[in-house]
1. How much of the DSSP bridge set in the chain is antiparallel, in percent, rounded to the nearest 5?
2. Could you calculate the FRET efficiency of residue 148 with residue 242 from 1/(1 + (r/R0)^6), where r is the beta carbon distance between them and R0 is 25 Å, rounded to 0.05?
3. Fewest first, what order do 13, 170 take by the number of other Cβ atoms within 10 Å?
4. Over the Cα atoms of the stretch 54-201, how large are the radius of gyration and the largest Cα-Cα distance (Dmax), in Å?
5. Can you show me the helix-derived [θ] at 222 nm for the chain, built from DSSP H runs with n ≥ 4 at -39,500 (n - 2.57) apiece and divided by the number of residues, rounded to the nearest 500.
6. Modelling each spin label as a point 7 Å along the Cα-to-Cβ direction, I'd like the residue 178/residue 226 distance in nm, to one decimal.
7. For a test of the definition: using alpha carbon positions, the gyration tensor, and the 1.5 limit on a/c, classify the stretch 143-230 as rounded, prolate or oblate.
8. Name all residues of the stretch 235-255 having a backbone nitrogen under 13 Å from the label point set 7 Å from the Cα of residue 77 along its Cα→Cβ direction, giving them as ranges.
Ligand code: A3P
């Protein structure tokens with residue numbers, strides 16, 4: 001279509017695929033040496049693992065469950081990606097608390113995190129559902145190339161030939177450093193199954209003790225159904241130049257196990273084999289369906 005231009009080139013930098021124009025390798029390289037405050041919070045996700053969801057939850061925990069005063073500000077402005085063009089500079093002078101999300105692998109992140117400065121929340125999602133969600137996102141996002149079909153995208157994802165690189169490398173890079181950091185490890189699936197419990201975990205990790213009512217409000221405004229109604233939270237306000245809204249919505253399905261509607265038996269078996277090989281030394285288990 002018209003909107004889909006040729007601006008979706010992936011560029012490899014330090015072994016990681018970035019999107020040309022969206023990311024600037026020189027700026028990304030400054031992240032390692034950023035000074036970190038104890039109040040800084042980084043949410044780490046491989047794409048399509050619940051980033052937008054955590055943006056909403058962090059923002060709500062900050063306002064103790066009130067729909068924020070700055071109601072017109074989008075979550076992507078309140079809890080921005082550190083790796084986007086211009087965001088490193090903004091981070092340096094931003095007032096506390098600096099709440100950020102990132103899709104970067106561990107090696108790009110502030111070294112100070114490994115001296116237990118700041119806080120890190122890693123959100124993992126079962127990678128079969130990530131793959132399906134990412135497939136649809138490639139239709140929506142103008143900076144990503146629309147895949148010819150699902151099986152071509154399936155292979156690309158397994159090769160790690162997408163922004164964010166290889167899913168396995170991403171999670172392993174963070175997980176193997178988990179003891180060096182103040183880190184909370186959560187999964188998308190536990191959020192789907194018990195959002196209340198996860199919000200509680202997050203707020204206590206951040207040292208915010210919310211009343212039961214405040215806690216209930218955070219949960220209420222971050223359910224799939226309600227986020228779909230909140231333009232500041234669901235990315236419907238993001239410009240057509242970035243998201244081709246005719247192709248779908250960011251808040252697509254929000255379920256566990258949609259991969260079963262897309263994978264063939266052969267694809268599922270192939271994926272399982274790769275998963276077992278890649279993850280054999282990592283004691284991480286996922287919920288694959290409900
Ligand atoms: P689906 O495409 O499977 O629906 P990210 O923000 O990292 O790009 O992840 C987007 C995925 O998270 C989408 O998955 C989206 O629907 C899902 N998501 C976002 N908010 C959610 C919520 N409140 N509840 C459940 N899923 C949510």
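1. 25
2. E between residue 148 and residue 242, to the nearest 0.05, is 0.70.
3. 13, 170
4. For the stretch 54-201, the Cα-based Rg and Dmax read 16.6, 45 Å.
5. Calculated mean residue ellipticity at 222 nm is -10500 deg cm²/dmol.
6. If labels sit at residue 178 and residue 226, their model points lie 2.9 nm apart.
7. In terms of gyration-tensor shape, oblate.
8. Taking a point 7 Å out along Cα→Cβ of residue 77, the residues of the stretch 235-255 whose backbone N falls under 13 Å are 237-239.
Just so you know, all these numbers are worked out from the coordinates, no wet-lab data involved. Everything numeric in this text was worked out from a predicted model, so none of it was measured. Backbone-built Cβ (ideal geometry, glycine too); neighbour counts: all protein chains shown.
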